[in-house]
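Visitor: Attaching a single structure in structure tokens format; questions to follow.
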Amino acid sequence: MQSIYDFTLKELQEQLKPSFRAKQVYDWVYKKYSTSYEEMKNIPNDLKENLTQNYNIDILNIAKKEKSTDGSIKYLFKLHDGHTIETVLLLMKKKKISEDGVVERSEKYTVCISSQVGCKVGCTFCLTAKGGYVRNLTVGEVVAQIVQVKKDNDIPANKAVNIVYMGMGEPLDNYKNVVQAIKIFKQEEGLAIMGKRQTLSTSGISSKIAKLGKEDLGIQLAISLHAVDDQLRSELIPMNKAYNIASIIAAVKEFPIDARKKVMFEYLVIKDKNDDIDSANKLVKILNGINSKVNLIFFNPYPGTTYERPSVESMIKFQNHLIKKGVICTIRESKGLDISAACGQLKEKETNED
Ligand code: SAH
Ligand code: SF4
């Protein structure tokens, strides 16, 4: 069955009559995070009946929840067919002291969402890849992750969160559903998460990057580059044989990015594989002419992998070298490291415990 989260307001207005009812339902779903039609007080009974018969509303169940000491929360959601996906709420606390000495505290939320159960791409460093590919998430399953996380943490409706498509799966392999989800997230009457608050991370399917650019959704792009030569990149990301570094860079150069924003290049640092200064120099060359920033990620080991986590020193050396060459470069904070951080790792734990 389809779900209530599958549709933009306009689409729902075409299905529910009179159409103002669609707006009321949208309000319950996205502003009050309602997961039952029963509690929708201003909706007449016959419409409630119609909705119950035709649109699932309770599609994600929390199977497991782990809280990290830094405040981030990792969810394992159970889908209707019993498969599970991960979603992570990352929390950043901000402290601002105004001129008259008043301390203002605010919180910035970022939700890392999944787009597939498993993944086809098969990166050799990624735990999600180990389980193989199971299926694409539906539009509703992508959208409901944000609603459920906002609901579970009492995040007010008017507080927009940031979204990163960096959980399980390759978003561009589930192109149609992800694009529809992006549009639903942007709905003013719904979650109202502007394009610039949404960052899609891809392992680099060049043809789909080009297609996505043409949709003009105003979203941010992150490229999982991880290697500067095609030989190593093909070892890490087998798909690189079809979509090599040059093709990705060409697609990125065409991608419409707000002039004040940058394309993010993720670079997973693996000890003795890609953490040398020669690689850093090649990276500078590759990024030449692109308004970009680099995010270095510590490889997060898991049982059975032969890859190793780099030392903090080599990471900082790599970063400093890039900065010296004029590249904007940050090191990803190991948020949630104590709660099995990288993608696919909570799911793995759950499977082991079964
Ligand atoms: N499929 C997309 C988005 C999901 S993966 C992509 O590959 O970009 C999100 C990020 O997690 C990617 O940058 C990926 O490289 C990273 N990742 C995967 N396995 C990891 C590991 N073991 N340690 C650290 N980061 C990892
Ligand atoms: Fe898929 Fe991304 Fe993992 Fe590669 S890193 S296997 S693309 S989820």
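Visitor: How much length is gained on full extension from K324 to S98, taking 0.36 nm per residue of separation minus their Cα-Cα distance?
Guide: On the way: separation 226, 0.36 × 226 = 81.36 nm, distance 3.31 nm.
Taking K324 through S98 to full extension adds about 78.0 nm, to one decimal.
Visitor: Let me ask another. Averaged per residue, what accessible area in Å² does the stretch 59-353 show with a 1.4 Å probe, protein chains only?
Guide: On the way: 13230 Å² over 295 residues.
In whole numbers, the stretch 59-353 has 45 Å² accessible per residue.
Visitor: So how far apart, in nm, are the two label points at R105 and K78 if each is 7 Å from Cα heading toward Cβ?
Guide: The answer from the label model is 3.5 nm.
Visitor: Name the residue, out of L90, L287, L212, whose mean-square fluctuation peaks in a Gaussian network model built on the chain with Cα pairs under 10 Å.
Guide: Among L90, L287, L212, the largest mean-square fluctuation in the Gaussian network model of the chain belongs to L287.
Visitor: Mind telling me which of V143, V252, V312 comes out most flexible in a GNM of the chain, alpha-carbon contacts under 10 Å?
Guide: V312
Visitor: For I62 and K282, what is the calculated FRET efficiency with R₀ set at 41 Å and r taken between the beta-carbons, to the nearest 0.05? Walk me through the numbers on the way to the answer.
Guide: Values: r = 44 Å, r/R0 = 1.07.
The formula returns an efficiency of 0.40 here.
Visitor: Among N56, N288, N300, whose mean-square fluctuation peaks in a Gaussian network model of the chain (Cα, cutoff 10 Å)?
Guide: N288
Visitor: Starting at the first residue of the stretch 178-187, write each ³J(HN,Hα) from the Karplus equation 6.51 cos²θ - 1.76 cosθ + 1.60 with θ = phi - 60°, in whole Hz, x for Gly and Pro.
Guide: Using θ = phi - 60°, the values come out as 5, 4, 5, 4, 4, 5, 5, 4, 6, 4 Hz.
Visitor: Next question. D81: accessible area at probe 1.4 Å, nearest 10 Å²?
Guide: 70
Visitor: Follow-up. Keeping every protein chain in place, order M239, M92, M315 by accessible area at 1.4 Å, biggest value first, i.e. largest first.
Guide: On the way: M239 35, M92 75, M315 0 Å².
Largest accessible area first, the list is M92, M239, M315.
Visitor: With a probe of 1.4 Å, find how much accessible area the stretch 1-58 has per residue, and write the answer as a whole number in Å². Spell out each step's value before the answer.
Guide: Values: 3050 Å² over 58 residues.
For the stretch 1-58, the per-residue accessible area is 53 Å².
Visitor: Same structure, new question: Residue by residue through the stretch 71-81, which ³J(HN,Hα) values in whole Hz follow from phi under the Karplus form 6.51 cos²θ - 1.76 cosθ + 1.60 (θ = phi - 60°), with glycine and proline marked x?
Guide: x, 6, 10, 10, 10, 10, 9, 8, 8, 4, 9
Visitor: So how much accessible area does S224 have, in Å² to the nearest 10, using a 1.4 Å probe?
Guide: For S224, the solvent-accessible surface is approximately 20 Å².
Visitor: Would you kindly derive the ³J(HN,Hα) couplings of the stretch 294-302 from the backbone phi angles with the Karplus curve 6.51 cos²θ - 1.76 cosθ + 1.60 (θ = phi - 60°), listing them in order in whole Hz, with x for Gly and Pro?
Guide: 10, 10, 7, 10, 5, 4, 9, x, 9
Visitor: Would you mind checking which residues have amide H under 5 Å from F265's amide H? H placed 1.01 Å from N; only 5 or more apart, or other chain.
Guide: The list, which skips near neighbours in sequence, is I223, K293, V294, N295.
Visitor: Throw me the Rg/Rh for the chain, computed over C-alpha atoms with Kirkwood Rh, two decimals. Please report the intermediate quantities before stating the final value.
Guide: On the way: Rg = 21.0 Å, Rh = 21.4 Å.
When Rh is taken as the Kirkwood radius, the ratio is 0.98.
Visitor: Taking R0 as 56 Å, what FRET efficiency do you get between E308 and Q2 from their Cβ-Cβ distance, rounded to the nearest 0.05? Could you put the intermediate results ahead of the total?
Guide: Values: r = 46 Å, r/R0 = 0.81.
Given R0 = 56 Å and the Cβ-Cβ separation, E is 0.80.
Visitor: Here is a further query. K17 to A242: FRET efficiency via 1/(1 + (r/R0)^6), r the Cβ-Cβ distance, R0 51 Å, to the nearest 0.05? Working shown, then result.
Guide: Details: r = 47 Å, r/R0 = 0.92.
E(calc), rounded to 0.05, equals 0.60.
Visitor: Another one. May I ask you to rank Y26, Y133 by accessible area, largest first, using a 1.4 Å probe over the protein chains only?
Guide: On the way: Y26 5, Y133 85 Å².
Most to least solvent-accessible, the answer reads Y133, Y26.
Visitor: In addition: Measure off, as a whole percent, the carbon and sulfur share of the 1.4 Å-probe accessible area of the stretch 59-353, all protein chains present. Intermediate values should be presented prior to the final figure.
Guide: Details: 6660 of 13230 Å².
Carbon-and-sulfur percentage of accessible area, whole number: 50.
Visitor: Follow-up question, since we're still on this one. Please work out how much length the chain gains when fully extended from K151 to D46, using 0.36 nm per residue of separation minus the C-alpha to C-alpha distance, in nm with one decimal. Walk me through the intermediate numbers first.
Guide: Working: separation 105, 0.36 × 105 = 37.80 nm, distance 2.69 nm.
Full extension from K151 to D46 adds 35.1 nm.
Visitor: Could you pull the accessible area for F125 with a 1.4 Å probe, rounded to 10 Å²?
Guide: Rounded to the nearest 10, the figure is 30 Å².
The values are calculated or read from the model by the stated rules, or taken from the named source; none is laboratory data. Quick caveat: nothing in here was measured; it's all calculated off a predicted structure. Note: ideal-geometry Cβ built from the backbone for every residue, glycine included; neighbour counts use all protein chains shown. Areas reflect the complete protein model, heavy atoms only, side chains present, ligands, DNA and RNA absent. Shrake-Rupley method; radii C 1.70, N 1.55, O 1.52, S 1.80 Å.
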